[in-house]
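Visitor: So that we are looking at the same thing, I have put the structure below in structure tokens.
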Amino acid sequence: MKKKSQAIVALLFLISLVACKSLQNGGGTDWAAVDLSISDPAQSHQFQASYSGNIGSSLILAVPATIDSVNPSSFLSEYYDGGMLNLTNGSVELNVPLNTPLRIVEVIFVDAWTLGEATSGQTIAAATGISEEIIINGTNDNVSVFIQLTSVNHDFFSKAYIKASNAGEQDELTMVAISGDTIVAGTSKEESLQTTITNGSGASSDDTGSGVGAAYVFNRSDSIWSQQAYLKAPNAESSDAFGGSVAISAETIVVGAHMESSSQATITNGSSASSDNSASESGAGYVFVRNGSNWSSQAYLKAPNAETGDRFGKVVAISGDTIVIGSQYEGSNQTTITNGSGASADNSAADSGAAYVFVRSGTTWSQQAYLKASNAEAGDRFGVNVAISGDTIVVGASEEDSAQTTITNGSGASVDNSTVESGAAYVFVRSGTTWSQQAYLKAPNAGSGDEFGSTIAISGDTIAVGAPYESSAQAIITTIASSDNSASESGAVYVFVRSGTTWSHQAYLKPSNIDAGDRFGAALSISDDTIVSGTPVEASNQVSITNGSGASSDNSATGAGAAYVFVRNGATWTQRAYLKAPNAEAMDYYGFCAISGDTIAVSSMFESSNQTTITNGDTASSDNSLPESGAIYVITRD
């Protein structure tokens, strides 16, 4: 049988029920015998009524009475190949002779499946429960049953392999963000000293610098990806690490340069930036905007308390006209939020960390808030990761030390320090122009060294938090988190949801091929009801995508990397895909990921091909002559 696009059969009844009676088949299951005929040949009689086939739920299905069980492969292929099924305009039409008895059966989805083929080798099992006889009197030759295909669990497919147009050895194209049809990818190791933007497909071939950094913008038009711009800092210098973080929202990109060294403590609106280098590794953020297809510099962002070693810009996030930038090595002991443009100059709590909020009015950026943890302490590294969605910001503190395993809704947080580097995440919300702490999130199985909060992502009322050093050997998704520690540094992801102003834990995500040392959750992104989590050190040698809940148990390609897709139906999360690079090799470190709608971008920082063009399609270069140049892979849900 021909393979059709991902779909779950939906069957609807729009027929008059005239009489019913119970029958028994040989196995003792109740079925219904259905005699169908047409009372008015001019009237359309269709089995029509909607159904979404989610795993674990049931479907009412009419099948010929000769069928004893319902297997999508055998049933659909038998009738399709026999000329009884006709696929047109998204519907399957089942033509049966006049008065052919049909059984009305209930079936249970045990896995998502492609029309005619179960994705994991599992089938749909027949169940009991319906016993009705439908009779429509008439003399027409046959009756048609229409089975409407409803897209529920689409599959994921490789669509493009992206390389920088000036890819260089050890450039490590790694950081990636996506918004709609635009991807931005950053490399903190690129070596050109260019200080202008190149709009189009070009990029500098200069390599006289070291660790200068760059960002590349790629755009999709009619499913074809091309490079749109090459972004450089207007004050580009060696060791600035521009491109060490990137974020995008519609027509605006923010790029972090956490090793930039100016002592400026104000924002520069416009295209210029300080050339001062008196505050080593203070860090900066750069804002770029698109007009048509051209990008330009809009602002140069600095912390109002910029100091040596703060590394402001190590992480950046954006939503609309709001940017949040993390500074995990900032050292003030403040435990309150400063709304406005100020920030503490205190340095008595080294590496406590901070996050800064900036907003745009017209084309002008200003600081709106300075965020600190309500239990800020030295070494917590609050600001190790940041995420934003609308008026909600979440900030991770991977080395926070409390043993708390519950959520605190409100402005409080534990001052306990008995579980070293268990980690925490903090939720902040904006009302008008004022920010306040809404919640303090902890893993329900918080353990020493788990580093919960290392990665975070938010979409609407859902937050995902990664703990890449969590150590349970669990390989299924649950609502309760495991206390097992037999798979050291296997990693986990935790999902939290908000109702009103209250946050609760919804799911504990683990991949189906979990192994010690994989560090699942080392990269994380979310879009609505889909989470993608990267595992750059995963070790299988698979070079294809597995749609469904399966994943390779092979470990022959150390550090090849993988990413996993999880989807939510109602409050239930399931693993939907296992993503691998089509040219996966040991030590490529595939898995740094971003998602927007149905498009996922995954980077492979140590991929080594010398290609400097984009391959649209599902292939990728097997060349290894340009070590650690890095690559981006685009996957879409179709």
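The values are calculated or read from the model by the stated rules, or taken from the named source; none is laboratory data. On a predicted model such as this, the values are computed, not experimentally measured, just so you know. In this analysis, Cβ positions are derived from the backbone assuming ideal geometry, glycine residues included, and neighbour counts consider all displayed protein chains. Only protein heavy atoms, including side chains, enter the accessible area calculation; ligands, DNA and RNA are left aside. Shrake-Rupley method; radii C 1.70, N 1.55, O 1.52, S 1.80 Å.
Visitor: Would you tell me the accessible area of Arg519, worked out with a 1.4 angstrom probe on the heavy atoms of the protein chains, in Å² to the nearest 10?
Guide: Counting only protein heavy atoms, Arg519 exposes about 90 Å² to solvent.
Visitor: If N is the number of residues in segment 335-431, what value comes out of its Cα radius of gyration divided by 2.2 N^0.38 Å?
Guide: 1.11
Visitor: For the pair Asn541 and Asn417, how long in nm is the line joining their label points, each one 7 Å along Cα→Cβ?
Guide: 4.9
Visitor: Ok, one more. Looking only at segment 589-615, which residues have a backbone nitrogen under 11 Å from a spot 7 Å from the Cα of Ala250 in the C-beta direction?
Guide: No residue passes the distance filter.
Visitor: When the Karplus curve 6.51 cos²θ - 1.76 cosθ + 1.60 is applied with θ = phi - 60°, which whole-Hz ³J(HN,Hα) does each residue of segment 307-314 get, with x for Gly and Pro?
Guide: Couplings: 8, 3, x, 6, 6, 4, x, 4 Hz.
Visitor: Ala387's amide H: which non-local residues (gap 5+, or another chain) put their own amide H closer than 5 Å, with H modeled 1.01 Å from N in plane and none for Pro or chain starts?
Guide: Amide H neighbours of Ala387: Val394.
Visitor: Test of understanding: extend the Cα→C-beta vector of Ser436 to 7 Å, then name every residue of segment 360-396 with backbone N under 20 Å from that spot.
Guide: 368-376, 389-395
Visitor: Provide the per-residue ³J(HN,Hα) series for segment 549-557, in order, calculated from phi with Karplus coefficients 6.51, -1.76, 1.60 and θ = phi - 60°, each as a whole number of Hz, with x at glycine and proline positions.
Guide: Each residue of segment 549-557 in turn: 9, x, 7, 5, 9, 5, 9, 8, 10 Hz.
Visitor: What full-extension length gain, to one decimal in nm, is calculated for Thr196 and Gln170 as 0.36 nm per residue of separation minus the Cα-Cα distance?
Guide: Residue separation times 0.36 nm, minus the Cα-Cα distance, leaves 7.1 nm.
Visitor: Let me ask something else about it. Grab the beta carbon distance between Phe157 and Asp554, set R0 = 22 Å, and tell me the FRET efficiency rounded to 0.05.
Guide: Step by step, r from the Cβ atoms, then E = 0.50.
Visitor: Suppose the Debye formula is applied to equal point scatterers at every Cα of segment 312-359; what is log10 I(q)/I(0) at q = 0.26, 0.31, 0.32 Å⁻¹?
Guide: Here log10 of I(q) over I(0) equals -1.01, -1.20, -1.22.
Visitor: Sticking with this one: In units of 2.2 N^0.38 Å, what is the alpha-carbon radius of gyration of segment 568-612?
Guide: Output field value: 1.48.
Visitor: Here's something else I'd like to know. Show His258, His505 ordered by accessible area, largest first, where the area counts protein heavy atoms only and the probe is 1.4 Å.
Guide: These residues rank, largest area first, as His505, His258.
Visitor: Continuing with the same structure: Taking H as built 1.01 Å from N, whose amide H comes closer than 5 Å to the amide H of Gly491, not counting residues under 5 places away?
Guide: It is Glu470, Ser471, Ser472, Arg519, Phe520, by chain and number.
Visitor: Still on this structure, I have one more. Taking all protein chains as present, what is the carbon and sulfur share of the accessible area of segment 284-385, in % to the nearest whole number, probe 1.4 Å?
Guide: Here it works out to 41 percent.
Visitor: While we're here: Ignoring ligands and nucleic acids, what accessible area does Asp222 show with a 1.4 Å probe (Å², nearest 10)?
Guide: Counting only protein heavy atoms, the figure is 140 Å².
Visitor: Could you give the length gained by full extension between Thr266 and Asn347, i.e. 0.36 nm per residue of separation minus their alpha carbon distance, to one decimal place?
Guide: Separation in residues times 0.36 nm, less the Cα-Cα distance, equals 27.2 nm.
Visitor: Any chance you could check the Cα centroid distance between segment 310-329 and segment 551-610 for me, in angstrom?
Guide: Measuring centre to centre over Cα atoms gives 25 Å.
Visitor: Determine the shape class of segment 189-342: with a ≥ b ≥ c the square roots of the Cα gyration tensor eigenvalues, call it rounded for a/c under 1.5, and otherwise prolate if a/b is greater than b/c, oblate otherwise.
Guide: Judged from the Cα gyration tensor, segment 189-342 comes out oblate (a/c at least 1.5, b/c at or above a/b).
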